[in-house]
Amino acid sequence: MATLPRILIVDDSKVVRTSLAQHMRDHYEVREEADGEAAWQTLVLDQSIRAVVSDIQMPKMNGYQLLERLRSSRLRRLQQMPCILVTGEETEEERGKARGLGASDFLTKSSGASEVLARLGNLLALQQAQESLDSGREQMVQNPATGLFTRRYLELQVAQALSHSARHGMDVSMMVLGFDGYDRLCEKLGPEMAEEVGNRFARMLAGKVRQEDSLGHVAAGQFAVVSPGTAANFCACFAERVRQAVEVARLSVHGEALALTVSIGLASVPVDVVSSAGALLELATHRMQQAMAAGGNRVEAGGVLPATRPISLPHALELLRANRPAPVVPHLDALLGQLMPLLVLIDKELDLTLPIAELERYLGERNSKNQ
């Protein structure tokens, strides 16, 4: 048998409370209180109460004061709880005051129990419809598994940003990030654990994006960031930092270290000419797929930045500590150039015999060849 909705009746007259309760028991589970203060305590503690039917004239705290406290509560369920005020004799002044304080409905005691039931039923039906609407909006906005924004919501964010861009000339950038070899990761760990790895990545990424950016989950193993007001070159720099952070991350599952990389595709307005929010997202996704097809662990920005990008010395050391020398090898010349002042100082102060002259000659030849 389905549980009946619980209603709170508040009236200092036991006769009135008993009469209302008798008429309502077939439709609702009824709880009673004799004054506003006791009703307030009950409403705070009893989260199952769905609506209040309250007299206005009561000791300790009257119906107006109870209603005012409900509407000013920090608890959302109390702010929105249906509340019917009942008075012995209706006046326009009382009705206006009740409406101003946020009463859901206003009745006289002469209305009878059947009228109270009808009004109460309508209010609860309206409340249920609103809750369903709010729930639907939340599901549209947030992915239930990750708590991140959905693809549909990101498209709405991009559409809004593009509209603002058209009016004010503002840049809008989007990056789509995907785990390289995500299918293999699912086979190795299982879909649920692979998804948890993605969630960990999302939490890391959420700590790096700006407050005005929107981070969303767009597909299995794929995430997107919408950055209004960010030019393409700045977005590409951020994408490169994210790529590096994933590359050196030490993530372990069941005691086994995972070497993960991501490929990132960028699209930006006005650099890229697109007709819609969906087109911008599709372009960024296409470039991410191009980065994966080219070997992965790279950023594809549609020519905004050069294909090869130098890495910093600290990043190179992190890669070596993670036993991953391959990504460092293409950058050895640039890293040696960064190290030369330190090597010269070490050779001098520690009285070592380092091949400084040979290293300097090598760098000079490489620089001449690259000019």
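The values are calculated or read from the model by the stated rules, or taken from the named source; none is laboratory data. Just so you know, these numbers come straight off a predicted model, no measurement behind them. In this analysis, Cβ positions are derived from the backbone assuming ideal geometry, glycine residues included, and neighbour counts consider all displayed protein chains. Side chains included, ligands, DNA and RNA excluded: accessible areas come from the protein's heavy atoms. Shrake-Rupley method; radii C 1.70, N 1.55, O 1.52, S 1.80 Å.
Results, tabulated for the structure shown:
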quantity	calculated
Contacts under 9 angstrom Cβ, first residue in the stretch 340-351 being closer than 12 Å to Leu313 by Cβ, partner surrounded by 11 or more Cβ atoms within 10 Å (Cβ to Cβ), 6 or more apart	Met340/Ile356; Met340/Leu359; Met340/Glu360; Met340/Leu363
Of the criteria (1) of a type outside the set (S, T, N, Q); (2) under 33 Å from the mean Cα position of the chain (by Cα); (3) in a loop (DSSP other than H, G, I, E, B), which one Lys60 fails	(2)
Condition met for Gly221 (surrounded by 16 or more Cβ atoms within 10 Å (Cβ to Cβ), small (Gly, Ala, Ser) and closer than 24 Å to Leu258 by Cα)	yes
So Gln244, is it in a helix (DSSP H, G or I), over 17 Å from His164 (Cα atoms), of a type outside the set (D, E, K, R) and over 24 Å from the mean Cα position of the chain (by Cα)	no
Residues of the stretch 89-118 that turn out to be open to solvent by less than 70 Å² (accessible area, probe 1.4 Å) and either among the charged types (D, E, K, R) or under 23 Å from Arg25 (Cα atoms) (or both), as a count	14
The stretch 175-219, residues that are over 18 Å from Gln157 (Cβ atoms), aliphatic (A, V, I, L, M) and touching a strand residue (DSSP E or B) at 6+ places or on another chain (Cβ under 9 Å)	Leu185, Leu189, Met193, Ala194, Val197
Selection count, the stretch 18-69, where residues are touching a residue at least 40 places away in the same chain (Cβ under 8 Å), open to solvent by 50 Å² or more (accessible area, probe 1.4 Å) and under 21 Å from Ala125 (Cβ atoms)	4
Residue list for the stretch 202-241, filter: among the polar types (S, T, N, Q) and within 20 Å of the chain's Cα centre (by Cα)	Gln211, Ser214, Gln222, Ser227, Thr230
Residue that is farthest from the chain's Cα centre (by Cα), among those in the stretch 341-363 that are charged (D, E, K, R) and open to solvent by 90 Å² or more (accessible area, probe 1.4 Å)	Asp351
Criterion (of a type outside the set (Lys, Arg), in a helix (DSSP H, G or I) and closer than 18 Å to Pro59 by Cα) met by exactly one of Gln22, Gln41	Gln41
Residues of the stretch 248-273 that turn out to be at pLDDT 85 or above and either in a loop (DSSP other than H, G, I, E, B) or within 30 Å of Glu187 (Cα to Cα) (or both), as a count	11
Test: residue in the stretch 8-25 that is under 34 Å from the mean Cα position of the chain (by Cα) and not small (Gly, Ala, Ser)	no
Residue count for the stretch 76-113, restricted to those that are of a type in the set (A, V, I, L, M), over 39 Å from the mean Cα position of the chain (by Cα) and either in a helix (DSSP H, G or I) or farther than 14 Å from Leu66 by Cα (or both)	2
Restricting the stretch 114-137 to residues that are over 16 Å from Val52 (Cβ atoms) and modelled with pLDDT of 70 or more, the residue that is nearest to the chain's Cα centre (by Cα)	Gln128
